[in-house]
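First comes the structure, then the notes that go with it.
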Amino acid sequence: MSSLKSIRFILAGALIIGIGCAAFFYFTFRSGLIPPQVRFFDIWIPLVVVVFMTILIRATKTERTFHFWESLIAGNLMCWTGGLLSGLLLWQLSSIEPTAFQNFLQSSIKYLIESEKNGPENMKMKNLPLVIDEIRQTQPSFLIWDEMKIKIGYSLILVPLVSLIFRRK
C-alpha cells in the first residue's frame, strides 16, 4: 500500500517539476532576449520538489527505515519524468505561441556572436556561420530531449545529496 502512495507523490512531484520548469522557460524567454544560461536557474524547482516529496514519502512509511536507494529511485523518477513533461509542454507551447522559443534561439545566436567578438583568438569558432545556421533551423521538438538532458544532469547531482540527507537507518 505504501508503494502506491509513493507513486502518487512521485507522479505529483514530476508534474510539478514539469509544469514549473516549462513555465520558468516560457515566462523567462517570452520577455525578450536573455542569456540562454539563465535556464540553469530552474535547478531550484526540482531541488525543492524532490526535498518536499522525499519528506512526504518518508513520512508515509510506517517502518522505521527509509533507505538511500528508495529516495534515489523516487527522486530520479521525479526529475526524469518532470524533464520529459517539461520538454513536451514547451514543445506544445512553442507550436501555439512561438515567441519564447524564438527569443531563446535569437538569444543563443546573439550571445554566441558576442562571446566570439570578446573571446580570446585561440577560442574562436572557425565554423560560426554554420553553427548559427544550425541554431536558426532548430525545431521546437529539440526542447524535449534538451529538457530531459538537463533534468538528468540535475538528478545526478541533486538526488544523491537529498537521498543522503533524508535516509533513516
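The values are calculated or read from the model by the stated rules, or taken from the named source; none is laboratory data. The model shown is predicted, which means the values in this text are computed figures rather than measured ones. Positions of Cβ are backbone-derived with ideal geometry, glycine not excepted, and every protein chain shown enters the neighbour counts. These area figures cover heavy atoms from the full protein model, side chains too; ligands, DNA and RNA do not enter into them. Shrake-Rupley method; radii C 1.70, N 1.55, O 1.52, S 1.80 Å.
Phi angles across the range 34-45 convert, under the Karplus curve 6.51 cos²θ - 1.76 cosθ + 1.60 with θ = phi - 60°, into 3J(HN,Hα) values of 10, x, x, 5, 4, 4, 6, 6, 6, 4, 5, 5 Hz, Gly and Pro given as x. Against the chain, whose longest principal axis is taken from its Cα atoms, helix 99-118 shows a tilt of about 60°.
Within the set [x] -0.25, -0.47, -1.04, -1.25; [y] -0.31, -0.54, -0.96, -1.10; [z] -0.24, -0.47, -1.20, -1.48, the number that log10 I(q)/I(0) by the Debye sum over Cα atoms at q = 0.08, 0.11, 0.17, 0.19 Å⁻¹ takes when calculated for this structure is listed as [y].
Go through the range 88-130 and name the trypsin sites (Lys or Arg not before Pro) that are in a DSSP coil and have 16 or fewer other Cβ atoms within 10 Å of their Cβ.
Working: sites: Lys110, Lys117, Lys124, Lys126; in loops: Lys124, Lys126.
Answer by residue number: Lys124, Lys126.
Applying both filters, DSSP loop and at most 16 other Cβ atoms within 10 Å, to the GluC sites (Glu not before Pro) of the range 50-131 gives Glu63.
Computed with a 1.4 Å probe over protein heavy atoms only, the accessible surface of the range 1-132 comes to 57 Å² per residue. Total lysine pairs in the chain at Cα distances under 20 Å, for residues eight or more apart or on different chains: 5.
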